[in-house]
Structures are given as structure tokens and as C-alpha cells.
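Comments concern the structure below.
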Amino acid sequence: MNIRDAVLDDLPVVTSIYNDAVQHTTAIWNDRLVDVANRTQWLAERQKQGYPVLVSVDEAGEVTGYASFGDWRAFDGYRHTVEHSVYVHAGQRGKRIGEALMLALIERARGIGKHVMVAAIESGNKGSIRLHEKLGFSHVGQMPQVGMKFGEWLDLTFLQLILDDRAKPGDA
Ligand SMILES: CC(C)(COP(=O)(O)OP(=O)(O)OC[C@H]1O[C@@H](n2cnc3c(N)ncnc32)[C@H](O)[C@@H]1OP(=O)(O)O)[C@@H](O)C(=O)NCCC(=O)NCCS
């Protein structure tokens, strides 16, 4: 397995992984499917911000998953904190691909001086919660019934990872 930065040719598979999660999971709280043009714009925005979009690729060169992060909240004071997402193709789960993507993503966040990564996970998504616990994320909160999908209220569990031991941000 190889983890690398996404390129335009990866986006058809990234789009189908995203849409599968929209249709079949509570991992994304969206109901609308996206097209490749939508993901192309998303990739360009992430690149403009200097943020990574990583893909995992198997021996045959097929994309098996992706991970990325963006700003957690759009206020200046949150600029050292990012919120990420990670998705593995439905037929490829349980092979440590999600873990490999996350390990690479964490290093990229450290590399650009981010201090905290936030994971906002649907509380019933035990696989994702276990993955984040394994990576050292701590539970920091839960918000009951803040979302809905498939006719049910959804609870949101927050976990976070502090990426470095800086006592102060170092920039004013
Ligand atoms: C959650 C997801 C990214 C995990 O990726 P994955 O490649 O399937 O998981 P990995 O094989 O890397 O698992 C790594 C660790 O995570 C935990 N884990 C992953 N899936 C799990 C599951 N279904 N049940 C319990 N633990 C699980 C385990 O601790 C595992 O370590 P182990 O192999 O030593 O037991 C993937 O299942 C996925 O894309 N799910 C749908 C979308 C989603 O929920 N994304 C996250 C949104 S917050």
C-alpha cells in the first residue's frame, strides 16, 4: 500500500467513495451526492489552503481510500486546529488502510505546525471511534441529537489529538 497526495485522476474514485458514504453510512451527514467537478473544486480549495488530500493506493494502482483536513472553525483563534475526515472503500475496510491514512495525515498536520486535530464522529460509528482511540485521540465530548439521517437523530462524539508539546502558540 502506498499513501500519496491526491491528483486529478484520483477524483472519480474519491467521488464514488464519498457518495457511497453519503448513501449507506452515517459517517457523512449529507444527503446529496457529489460529482467529480465538486471534488475537483474541493481538492483545489484544500491545495490553496496548503492542506493535504491523501489517497491510499493498492499494488495495482487503484485508489482504496482518502483522508484530508480543513480548518476546524472559521475564526482566527482556531488557526492551529484542524478537523479531518477519512474514508476507505467499502470493499477494502479492515486492512489497516484507514490507520495508514491517518498516520500519514497526522504527520502532515504536524509538519505544517498544527497543534490539534479534531475528530467529529457519529456516536454509533464504533469502528471509527476505535480507530481514533488506537491512534491516541482522547474523548472530549458528546452532543446528543445534533444531527439526523435515515429518519433518526444522530449524536456526535468529539475526540482530539494534541500534536505537539508547545506550551504557547508562538505567534501573536
Ligand atoms: C472508519 C474507517 C475509516 C476505518 O478504516 P479501516 O481501514 O476499515 O480500518 P483499519 O483496518 O485501519 O483499522 C485500524 C484500527 O481501527 C479499529 N477499527 C477499524 N474498524 C473497526 C471496526 N469495524 N470495529 C472495531 N474496530 C475497528 C481497530 O482498532 C483497528 O485496529 P486493529 O486492526 O488492530 O484491530 C473505515 O471503516 C471507513 O471508511 N468507514 C466508513 C466511513 C467512516 O466511518 N469514516 C470515518 C468518519 S469519522
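One table, with the values for the structure above:
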{"quantity": "Top-ranked residue of segment 72-92 - restricted to ones that are open to solvent by less than 60 Å² (accessible area, probe 1.4 Å) and among the aliphatic types (A, V, I, L, M), ranked as nearest to Ile129 (Cα to Cα)", "calculated": "Val86"}
{"quantity": "Given (1) more than 16 Å from the ligand (Cβ to nearest atom); (2) crowded, with 20+ Cβ neighbours inside 10 Å, number of the condition Val14 does not satisfy", "calculated": "(1)"}
{"quantity": "Which listed residue, of Arg96, Arg46, is over 14 Å from the mean Cα position of the chain (by Cα) and of a type in the set (D, E, K, R)", "calculated": "Arg96"}
{"quantity": "Condition check for Glu83: under 23 Å from Ile17 (Cβ atoms), within 13 Å of the ligand (Cβ to nearest atom) and acidic (Asp, Glu)", "calculated": "yes"}
{"quantity": "Residue in segment 100-123 that is within 21 Å of Ala21 (Cα to Cα), open to solvent by 40 Å² or more (accessible area, probe 1.4 Å) and within 14 Å of the ligand (Cβ to nearest atom) present", "calculated": "no"}
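Rundown of residues vs (1) modelled with pLDDT of 95 or more; (2) more than 15 Å from Leu161 (Cβ to Cβ); (3) not β-branched (Val, Ile, Thr), yes/no style:
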{"site": "Val63", "(1), (2), (3)": "yes, yes, no"}
{"site": "Phe69", "(1), (2), (3)": "yes, no, yes"}
{"site": "His80", "(1), (2), (3)": "yes, no, yes"}
{"site": "Ile97", "(1), (2), (3)": "yes, yes, no"}
{"site": "Val118", "(1), (2), (3)": "yes, no, no"}
{"site": "Ile121", "(1), (2), (3)": "yes, no, no"}
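The values are calculated or read from the model by the stated rules, or taken from the named source; none is laboratory data. As the structure is a computational prediction, the values presented were derived from the model and not from experiment. Because the Cβ atoms are built from the backbone with ideal geometry, glycine has one as well, and the counts that use them run over all protein chains shown. Surface accessibility is based on the protein's heavy atoms, side chains included, excluding ligands, DNA and RNA. Shrake-Rupley method; radii C 1.70, N 1.55, O 1.52, S 1.80 Å.
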